[in-house]
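Trainee: Before we start, here is the structure in question, set down as structure tokens.
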Amino acid sequence: MRWLVTGARGMLGTDLVDRLRADGESVIAVDVDELDITSPGATAEIADIDVLVNCAAYTAVDAAEENESRAFTLNAVGPQLLARAARRCGARMVQISTDYVFPGTAAQPWPEDEVLAPLSAYGRTKAAGEWAVRSEAPDHLIVRTAWLYGAHGRCFPKTMARLAGERERVSVVDDQVGQPTWTVDLVDLIVRLVAAEAPSGTYHGTSAGECSWYEFTQAIVDSMGMPGSIVARTSSESFQRPAPRPSYSVLGHSALERIGVAPIAHWRERWALAAEQVLA
Ligand SMILES: NC(=O)c1ccc[n+]([C@@H]2O[C@H](COP(=O)([O-])OP(=O)(O)OC[C@H]3O[C@@H](n4cnc5c(N)ncnc54)[C@H](OP(=O)(O)O)[C@@H]3O)[C@@H](O)[C@H]2O)c1
């Protein structure tokens, strides 16, 4: 199979390209210097591919509040152009989306077909990207992920590990709940969905289980051999940020279960495996 990976030097893209090459797949790996996904001219030249995975995005959640138009160009117009190119090539389009398309006000995992109601500019632009892909590329997989961490980029565990090394105590919010998800696991899910020829639609690519950022930080310091007592609980109210965060951002996995594709395992089990590589 011939794969095109955009945003290939990002946190997810790097692991995806490594995995595909290790599997012996034919991969064209491009980032903004080789293929700017917002360029109609560049995307019109895409040819001879079977699967297009878009890992490029505007991911600066807080900065997007001030730069929504730039975020929209990257997160909605870019995916639209790529989806159009995929359809022209007869290729399958895989678009990575986010839990931030939901408001996080429920107390139960969000089903894949829940009505979208993003709280933030980033969430609005990613929701628009989903709709653009659905309308341009009938053969698509939209894979929503959340709380992503990996070896090849800035991520929450690396930040917490650094702070734990610098400070006597680290304060972390305990009133936002989600599913820490390893890029390696999301990559594996994408590969399995494509191999299974999953029906076009929206799937949730997050770990099983749930925890707060505070609980995740406890697991991070534990894997560093540090005592959990250095992590203190705080609340979103005392840790204000420009973009509002969903408080309950847990995604359900019914769509995967329906098609017989196993969801990612429990976040705690996966973190135990990932920690050494991610914090190296
Ligand atoms: N990180 C998370 O916690 C998280 C959570 C939920 C969903 N997601 C989604 O997961 C996907 C992957 O995220 P990630 O964390 O791997 O992102 P990332 O590390 O920020 O990677 C994005 C890549 O896209 C590149 N890019 C920027 N503008 C581009 C353009 N115009 N054309 C082509 N490439 C461009 C970036 O290059 P530069 O670095 O040079 O800008 C970067 O290499 C995204 O769709 C994101 O929305 C992430």
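Read the figures in this text as sums done on the coordinates, not as results from a lab. Since the structure is predicted, the reported quantities are computational estimates derived from the model, not experimental observations. All Cβ positions, even for glycine, are placed from backbone atoms using ideal geometry, and neighbour counts span all protein chains on display.
Trainee: Sequence gap at least 6, Cα distance under 8 Å: using those rules, report the relative contact order of the chain to the nearest whole percent.
Mentor: 20
Trainee: Please work out how much length the chain gains when fully extended from D23 to S235, using 0.36 nm per residue of separation minus the C-alpha to C-alpha distance, in nm with one decimal.
Mentor: 71.9 nm
Trainee: Please list 259-270, 158-169 highest first by mean number of surrounding beta-carbon atoms within 10 Å per residue.
Mentor: 259-270, 158-169
Trainee: Quick one: give the max-minus-min coordinate of the C-alpha atoms of the chain along each principal axis, largest first, in Å.
Mentor: 56, 39, 38
Trainee: Right, here's the next one. Per the Kirkwood formula on distinct C-alpha pairs, the Rh of region 236-280 is how many angstrom?
Mentor: Taking every pair of different Cα atoms in region 236-280, averaging 1/r and inverting gives 14.0 Å.
Trainee: Something else: Divide, for region 182-280, the radius of gyration over alpha carbons by 2.2 N^0.38 Å, where N is the residue count.
Mentor: 1.29
Trainee: How much of the DSSP beta bridge set in region 84-221 is antiparallel, as a percent to the nearest 5?
Mentor: 15
Trainee: Would region 1-80 count as rounded, prolate or oblate if I go by the C-alpha gyration tensor, calling it rounded below 1.5 in a/c and otherwise prolate when a/b exceeds b/c, oblate otherwise?
Mentor: oblate
Trainee: Where the Cα atoms of region 98-158 are projected onto their three principal axes, how long is each span, largest first, in whole Å?
Mentor: Principal axes ranked by extent give 37, 29, 21 Å for the Cα atoms.
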